[in-house]
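Down below is the structure, laid out as structure tokens.
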């Protein structure tokens, strides 16, 4: 049952939800605890009606639930069937140029397909590799991104292989690739030389590392396919007069990209989409994308008090309210299946958000055949599983949800 101290805080409720909570349904104590937190917002919607609204309009740090905003903006901008592209050119000196289109899923297997297409066109020799990464501003810094080597801190570039990460095996000072589809590069060997024995997945740290690694991987794949590609890797703009050989279209649609981004909470993918959404006249930057996404949100939802600083939720400067997240969920309702299922409760489809002292969860909980949209934003320390217990309570308890 709700404590008197909880009820004393202004609370909007309808539809009998608070009566249900007070009846002692399994897991309801978790919701009671959430309502008792000083730095928390909980909003629940059933159909068109908000049935629980605690601090619903208070701007809070959303952490990775910001990816729901990015997902919706991407879907509405491009559509689920959209495929990102990468263009290949050859200049008068027979140098091959790759122009980045911001494809966040240009993984090693996609490069294999690209190289195979070039071979089919008769490519047999090139004097070097040129990389044009001009779509995204070179000197940008993502708000909230740290300098760690963790994959979630990967730099974002318009040309990137494997999300700007490398998976390495180190043994007695020897560095090799820990995945068959990606050859080890000079850049990867240099980064791995400082690591102890074992397997390590790390990010490439800087834009130059990321681009040179991309060029080295591409060059190795050309050589493995029988193309003489022994020249250097160069950064710059595609030269005027260079002839376009092909445009590679990723095999994955935006639907797959968004679903994976939400499932794995991939910051690189989210901020790649964020930057691509801000593109104007072939250029983008974090500042440009911030303005673009905030302008879209004001026009789409009529929001006033909010702040969007990045697309992944890394920045502590981001601010969304619980009610605003419910607006996003209402718009995402046709795409609910793209949200990940909660591991211990398939009746919950929701996105987590985690920063130090921040725990968030937003999505849907199914109860008695109906989907309840919910947003839980907590800007104070709680245990990791707390938000899951709140979602379980909205379904009537984990045991009920599994039946």
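The values are calculated or read from the model by the stated rules, or taken from the named source; none is laboratory data. None of these values were measured; they are calculated from a predicted model. Every residue, glycine as well, gets a Cβ built from its backbone with ideal geometry; the counts of neighbours run over all protein chains shown.
Brief remarks follow.
- Any hit, region 363-379, residues being surrounded by fewer than 20 Cβ atoms within 10 Å (Cβ to Cβ), assigned by TED's automatic domain parsing to the domain that holds residue 311, in contact with a strand residue (DSSP E or B) (Cβ under 8 Å, 6 or more places away or on another chain) and closer than 23 Å to residue 318 by Cβ: no
- Residue 51 at pLDDT 95 or above and outside any loop (DSSP other than H, G, I, E, B): no
- Scanning region 200-212 for residues being within 17 Å of residue 151 (Cα to Cα) and in contact with a strand residue (DSSP E or B) (Cβ under 7 Å, 6 or more places away or on another chain) gives a total of 6.
- Region 103-199 holds strands (runs of 3 or more DSSP E) entirely within its bounds, and those carrying 3 or more residues that are in contact with a strand residue (DSSP E or B) (Cβ under 7 Å, 6 or more places away or on another chain) and touching a residue at least 40 places away in the same chain (Cβ under 8 Å) map to 128-132.
- Unique residue being surrounded by 24 or more Cβ atoms within 10 Å (Cβ to Cβ) and not in a strand (DSSP E or B) when the list is 327, 383, 310: 310
- For region 56-70, a residue qualifies if it is part of a loop (DSSP other than H, G, I, E, B) and buried (at least 23 other Cβ atoms within 10 Å of the Cβ), and the qualifying residues are 61, 62.
- Within region 71-100, if we keep just the residues that are part of a loop (DSSP other than H, G, I, E, B) and farther than 30 Å from residue 350 by Cα, the residue that is nearest to the chain's Cα centre (by Cα) turns out to be 100.
Let's see how each residue does on (1) touching a helix residue (DSSP H, G or I) at 6+ places or on another chain (Cβ under 9 Å); (2) in a helix (DSSP H, G or I); (3) modelled with pLDDT of 95 or more:
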{"residue": "246", "(1), (2), (3)": "yes, no, yes"}
{"residue": "251", "(1), (2), (3)": "yes, no, yes"}
{"residue": "255", "(1), (2), (3)": "yes, yes, yes"}
{"residue": "271", "(1), (2), (3)": "yes, yes, yes"}
{"residue": "275", "(1), (2), (3)": "yes, yes, yes"}
{"residue": "287", "(1), (2), (3)": "no, yes, yes"}
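- Candidate set from region 330-353 (those that are under 17 Å from the mean Cα position of the chain (by Cα) and part of a helix (DSSP H, G or I)); member that is surrounded by the fewest Cβ atoms within 10 Å (Cβ to Cβ): 337
- Count of region 133-154 residues, restricted to those that are crowded, with 22+ Cβ neighbours inside 10 Å and within 29 Å of residue 240 (Cβ to Cβ), is 2.
- Meets criteria (over 20 Å from residue 118 (Cβ atoms), assigned by TED's automatic domain parsing to the domain that holds residue 339 and not in a strand (DSSP E or B)) for residue 259: no
- Filter result for residue 2 (surrounded by fewer than 21 Cβ atoms within 10 Å (Cβ to Cβ), farther than 19 Å from residue 326 by Cβ and at pLDDT below 85): yes
- Some residue of region 13-25 being assigned by TED's automatic domain parsing to the domain that holds residue 367 and either modelled with pLDDT of 75 or more or closer than 21 Å to residue 297 by Cα (or both): no
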